[in-house]
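Where a number appears in this text, it was derived from the coordinates with a stated rule and is not lab data. Because the structure is predicted, anything quoted here is derived from the model rather than measured. Here Cβ is always computed from backbone atoms with ideal geometry, including for glycine, and neighbour counts include all displayed protein chains.
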Amino acid sequence: MGLNDSSPGAMRNGRGLSDQWAESVVVRPRTTERHITVHKRLVLGFALSILTLIIVTAVAVVLSVRFEECGGRDRDGMTGELGSRGSSGSGKMNGSRGERMGERGDEEAAQPWRNSRLPGSLRPRHYDLRLAVYMDNFTFSGDVSIELECVNATRFIVLHSDLVEKINIWGGAMRIHRHFPFPANQMYVVVLHRELKPMRLYRLNITFDAAIEDELLGFFRSSYTLQREKRYLAVTQFSPIHARKAFPCFDEPIYKATFSLTLRHDPQYTSLSNMPVESSTLADEDGWVTNHFARTPRMSTYYLAWAVCNFTYKETQTDSGVTIRLYARPDAISSGAGDYALHITKRLLGFYQDYFKVQYSLPKLDLLAVPKHPYAAMENWGLSVFVEQKILLDAEVSSSSYQMELTMVVVHEICHQWFGDLVTPVWWEDVWLKEGFAHFFEYVGTDFLFPKWNMEKQRFLTDVLHEVMLLDGLSSSHPISQEVQQATDIDRVFDWIAYKKVSAELVFIQKDTSQIHMYSNAARDDLWNKLSQAMRSEGRDINIGEMMDRWTLQMGYPIITIILLTITDIVLLLHSLQWQVPLTVALGNASTVCSESLIWVNNKTETHRIGEMDDNTWLLGNINQTGYFRVNYDLQNWKLLIQQLHNNPQIISVGNRAGLIDDAFNLARAGYLPQGVSLQLIGYLPEETSFLPWHAASRALYQLDKLLDRTDEYSLFSDYVLKQVASRYHQIGWPTNGPSNEGSNVLQASYQTEELQRELIMLACSFGNKQCHRQAVVYISDWISSNKNRIPPNIRDIVYCTGVSLMDEDVWEFIWMKFHSSTAVSEKKILLEALTCSDNTFLLNRLLNLSLTSDLVPEQDVIDVIIHVGRNPQGRNLAWKYFRDKWDVLNARYGEALFMNSKLIGGVTEFLNTEKELSELKEFIQSSGVGAGPALPRALEIVEGNVRWHRLHRRQFYQWLRKPPALG
């Protein structure tokens, strides 16, 4: 390592003292008395030195401070040197030696870097971080000074570092013995001469150099084109464990500290960070700018952020004086693409301050729209980063569904300024504490912005509850809270279980938790204790922790079957013994529904008296779908519910109508119900006027479509779907207003009607309605001939895809040209997806190859291209083969990004359903499955389920479709 020694008498290389003395004790042929006296003194001194060395060695052994290969000559011939000021040199030089140090077992305590977690003996209080950013060659250099508080006496400073080069360390008053990397745990170790004392403060200084990587994590670079000039920017993405890629730090959420950041760069760029610029200077020698940012509040490393770019911005200010700026490409700002997000962010800051009764803690909030990012957005405190598609909005061409999605992303990230930034999980096993609540508040916050959308009470059911139960019903699912040991395990907890299942199970108490744990960390027990206190204050003595641990510490969900026993009694069958289920039930008939009652179900079989029923009385469970479980019934009760839906569906609430559809199709797929029950149930849809049940039905029908779209009898299924869709589709028609007068259609009161219209048109075109196909072709032909796009924004994706699938290669080339010329990010997205709809396998292959081997398809869109080609029955085999052939490239590019690899694997494999494809998947997993986390086991289970459905249920399914029984 090149550690410099300033200690007299130290052993330099294991032979220093003995070599010096050897020159003095060489036997000479003749001596004088004086020489003999001198020799006796030398011999005596030599003996004393040897005795001293033996004593020192013994003391070292007793004190357990011997480290393998630390003193004397290393096995590879390198020297370990001591330094009073510290040491310098490349940290990489000792990489192999650091990995070999010591044995496991008893020596683990003496080598804390072998644990996957930091030892906890030290905690950082403050980081002074100074960086010089070189955008011409995409490198940066830095130095960080870390103020440390000693908690327990230790001789080791263990922190994180990953891919940072040329580390130099000095310790001020601390005398550093040696330092080395331990790559297995992405750690860096500093060994000191003396123990640090508890309750004292110390300072560690580190300098380093590193590259601004062309990837998606750490401090990475991106680019965009403005007036045919390619421009670059650099931005950070540190969550969950990637701050260590940019600077050495204590990179675990519990180690909160304050940060003072200084960025030096070329003056043509702007630099941003969590806090405002406190002072700025220009260097005389090179004209570079140096920005000193104000000190942050206490926060975890993964919320630190900075960016260097040449963006412009628009700004607004809240009533309380918080400055909000949206930074983006200059052309996006000048076109007003950021105005919508800026407007709703201002409203949301005020809403959350009132809701949580906690003020926003920073003087500013910047929203940064970047062309490339691994996630939809990242909620860095004071500097939230969004991929452009999730924050830039062109109201003239964006659909209401695109606007809704963008709105919910912004609402989610702004909520994180409280839940996540202000209150942070202790460790990643409780990441759901921030993500689950933020996901729930997507619907609460959106309801505040647009009450008529009715997101919390309606859309929440289909987009959260129904979606997550599809995943949570798999044996490859996992509990909400799960143990995380290794860094490689962390990606397992960032999935829809953490985001959606929590929001489906929990009610809000965020405002209380925020106040208790402000600037600190919270674990699930904090939440349960707070809930229990709230219950006691209302006179209800309920141990929330005991009840909710059953829901958060085990995976899956209950299924309850309700069976009529007598005219007054029902039997409840709980298909598991590990739940406490709050089941709400209500009785109803052709004209009315009685008030609901609550039953706590704890046993496998229970009998309850609920009221008198006659032959026409049906029973409904899980009223308004507020519980996280499925409800099945005896066949007679299903028959009565289906009759009610056909005769007068409005008697049953819209939420329960959607819930019955979702439960019936999923119970049938799992074998709990005959296949015909779910098909007969949706026979009422021609009478359905509400969006939510149609949305639930379309999700279920598309699940079946991917199983059946390559079967010989597929037309039986598609014709049945079109039969249910036809009357309502023709009644509601197509939108007549074009983009010129549609404008801000997201703000219209007719949002639910627009969404229903879109849902019906999508079903009609997807399943082959001829009139729908003709209308789509007319729209595309008019666009090509006039070069004016008169297609209403709300249905453009449907029309583009339908036109590409039905028309010739020239239409594909036209859409390809428009994709490259469009500047609106929402338009580019749907144009690219439309290209995957072609029936021409040559064009699909061309698109696949261009996506990964050229700059013509943006890097963050490659995964969507492969998935959408796989959704196309004509492209399924192409995408599956391409995925396997290019796996090494794809895994190297996207493997570390939490959602992207999982999204790719699930998206490509979910449509596989033959024995041959299952065998190919098993072979692929066996040869290439290392490093893909839980995504491949989940994919295998889904494909096995697809194949099993074909084997067990397809014959019965088609048999029912050939001759549907009359409802009676």
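Overview of results
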quantity: For peptides 307-318, 192-203, sequence by mean Cβ density within 10 Å, most packed first; calculated: 307-318, 192-203
quantity: Selection from Ala341, Asn380, Ser398 lying farthest towards where the dipole of region 312-398 points positive, charges on Cβ; calculated: Asn380
quantity: Estimated vicinal HN-Hα couplings, Hz - region 239-248 in sequence order (Karplus 6.51, -1.76, 1.60; Gly, Pro = x); calculated: 6, x, 9, 10, 4, 5, 6, 10, 6, x
quantity: Distance between modelled label sites at Gln650 and Asp331, nm, 7 Å Cα→Cβ extension; calculated: 5.2
quantity: Debye, to nearest 20: dipole size of region 821-968, +1 on Lys, Arg Cβ, -1 on Asp, Glu Cβ; calculated: 780
quantity: Cβ-derived FRET efficiency at R0 45 Å, Arg962 paired with Asn787, nearest 0.05; calculated: 0.40
quantity: Under Karplus coefficients 6.51, -1.76 and 1.60, residue-wise ³J(HN,Hα) of region 199-208 in Hz, glycine/proline x; calculated: 6, 10, 9, 9, 10, 10, 10, 9, 10, 7
quantity: Relative contact order of region 86-310, defined on C-alpha pairs under 8 angstrom at six or more residues apart (%); calculated: 22
quantity: Residues with amide H under 5 Å from that of Phe259, placed H, sequence gap 5 or more; calculated: Tyr127, Thr296
quantity: Other-chain or far-sequence residues with amide H under 5 Å of Thr312's (modelled H); calculated: Ala328
quantity: Karplus (6.51, -1.76, 1.60) ³J(HN,Hα), θ = phi - 60°, over region 115-121, in Hz, Gly and Pro reported as x; calculated: 6, 6, 10, 5, x, x, 6
